[in-house]
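A quick write-up on the structure given underneath.
Every read-out reported here was derived from the displayed coordinates using simple, explicitly stated rules and does not represent laboratory data. Keep in mind the model is a prediction, meaning the values are calculated, not measured. Neighbour counts run over all protein chains shown; Cβ positions are idealised from the backbone, glycine included.
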Amino acid sequence: MRLNFVLFAVLIVCALGVVTAQHRLRKLYLDLGKQQAEAKRLDVEWGRLQIEQATWATPSRIEQIASGVLHMKVPDASRVIPVFPAGSGKK
């Protein structure tokens, strides 16, 4: 009789362990799905930001901002003085 009670208690503990493990597994699986969706969203955003950076860095865009916003213009050729690195043989 006492052995039956001990076996029954072990059975209950094992059953609760299985239920707890399954619940934890389902929760972790849902968290994994959420993290994978977030990673995919961040990859898409990263690609969009790379395209945006390439667009902002184009020479035509920089020239447009320099002339429009900063009111800069190309100097006359007579005012341009070329500068060469030391040791290049050019003066």
In the set T20, T55, which member is hydroxyl-bearing (S, T, Y), surrounded by 10 or more Cβ atoms within 10 Å (Cβ to Cβ) and either in contact (Cβ under 8 Å) with a residue 60 or more places away in the chain or part of a helix (DSSP H, G or I) (or both)?
T20
Screening K73, K40 for residues that are in a loop (DSSP other than H, G, I, E, B) and among the charged types (D, E, K, R) leaves only K73
